[in-house]
Amino acid sequence: MKIVLSETLSYCFGVRKTLELTQQLLADRPDRTYYMLGEIVHNEHVIEALRAKGLRIVQTLDAVPAGGVVILQSHGSTRRRYDELAARGLEFVDATCPMVRIIHDRIRAVEAQGRVPVVIGQVGHEEVRGIVGQVARALVVKSPDEVTPELFAGVSRAGVVAQSTFIEEQARQIVERIRALVPDVVFHDTICQPTKTRQREVETHTRKADCVIVIGSQHSANTRHLFNIARAINPQTHLIDRPESVEDIAIPPDAAVFVASGASTPMELIVEVVRRLESRGASQPRKDGAA
Ligand code: SF4
């Protein structure tokens, strides 16, 4: 068995920055209590370690008492959330990824130009909620099939942005469909570069692999996208979020296994998956298919 590792593994820089900032705050100011809305990474060990250092994970601002400091995560927040923080007099640290800020700027500019804002992304995803929450009203679509004449009835000018982790090819198809219905469309390609790099690597290396293992959570949009890209090319693609699950994958002894990960997958988890593959006879992993 031969393992080929994706060149881009574990956290993207936005998630890493938020994690490092949180760890720094917890270490520097043990006298303060920090609150985070939702989990920063989908991994119980990382979350437990942060909790042990004092981080409180809550679902709403109602759970944050006066004096608490809120850490806003990399995926960004609605304008309403900032208003709510101000109204409650809560201090906050804003770890919104600079690339998500660009999406916020773009969609506000679209609205200011009198265009109908359109977001390509998953309804209800935190990042999409944050983007939509920058403007008074926006249409959200996640597939070409959702771009219907009914949805776009009366729209003559539209400005389109995309969730940072969306699949490039699907976004292109969606924009094409919108252009067939709306006379004047501007598309701002806001899929972030780290996402594009990961998706392209997965596409390239899946073609050369007998088996693909994507490590990350089912709840992580970017991980699911990587899985879907790979599986469309190679049905022998598996998504796992626990190292033990690799034992359930039947891999022929001479197979080439490509290993990729989502942008919020801790490196420890990847290392453990590789260790388990090695214990099944895999040779030392190589990065990115180098000969
Ligand atoms: S996926 Fe891209 S936009 Fe989102 S946090 Fe990571 S680097 Fe930032």
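The values are calculated or read from the model by the stated rules, or taken from the named source; none is laboratory data. Here the structure is a predicted model, which is why all the values come from computation and not from measurement. In this analysis, Cβ positions are derived from the backbone assuming ideal geometry, glycine residues included, and neighbour counts consider all displayed protein chains.
Before moving on, here are some points about what is shown:
- Flag for GLN170 being part of a loop (DSSP other than H, G, I, E, B) and surrounded by 14 or more Cβ atoms within 10 Å (Cβ to Cβ): no
- Residues satisfying the stated conditions in segment 1-19, i.e. more than 13 Å from the ligand (Cβ to nearest atom) and surrounded by fewer than 19 Cβ atoms within 10 Å (Cβ to Cβ): MET1, LYS2, GLU7
- Within segment 77-105, the only residue that satisfies the criterion of being among the hydrophobic types (A, V, I, L, M, F, W, C), without any contact (Cβ under 8 Å) to a residue 60 or more places away in the chain and assigned to a strand (DSSP E or B) is PHE92.
- Residue within segment 163-178 that is assigned by TED's automatic domain parsing to the domain that holds VAL116, in contact (Cβ under 8 Å) with a residue 12 or more places away in the chain and acidic (Asp, Glu) present: yes
- Which listed residue is within 16 Å of the ligand (Cβ to nearest atom) and out of contact with any Gly (no Cβ under 9 Å at 6 or more places or on another chain), from ASP105, ASP145, ASP184: ASP105
- Of all residues making up segment 113-131, the number that are away from the ligand (no atom under 16 Å from the Cβ) and crowded, with 18+ Cβ neighbours inside 10 Å: 4
- Positions within segment 187-215 being assigned to a loop (DSSP other than H, G, I, E, B) and within 11 Å of the ligand (Cβ to nearest atom), in sequence order: THR190, ILE191, CYS192
- For segment 179-198, taking the residues that are within 25 Å of PRO149 (Cα to Cα) and in contact with a helix residue (DSSP H, G or I) (Cβ under 9 Å, 6 or more places away or on another chain), the one that is surrounded by the most Cβ atoms within 10 Å (Cβ to Cβ) is identified as THR190.
- Within segment 246-271, the set of residues being closer than 21 Å to HIS45 by Cβ and more than 22 Å from the chain's Cα centre (by Cα) comprises VAL246, GLU247, ASP248.
- When segment 57-81 is filtered for residues that are surrounded by 14 or more Cβ atoms within 10 Å (Cβ to Cβ) and within 22 Å of the chain's Cα centre (by Cα), the ones remaining, listed by number, are ILE57, VAL58, VAL70, ILE71, LEU72, GLN73, SER74, HIS75, GLY76, SER77, THR78, ARG81.
- When segment 28-53 is filtered for residues that are of a type outside the set (A, V, I, L, M, F, W, C), outside any loop (DSSP other than H, G, I, E, B) and at pLDDT 90 or above, the ones remaining, listed by number, are ASP28, TYR34, TYR35, ARG51.
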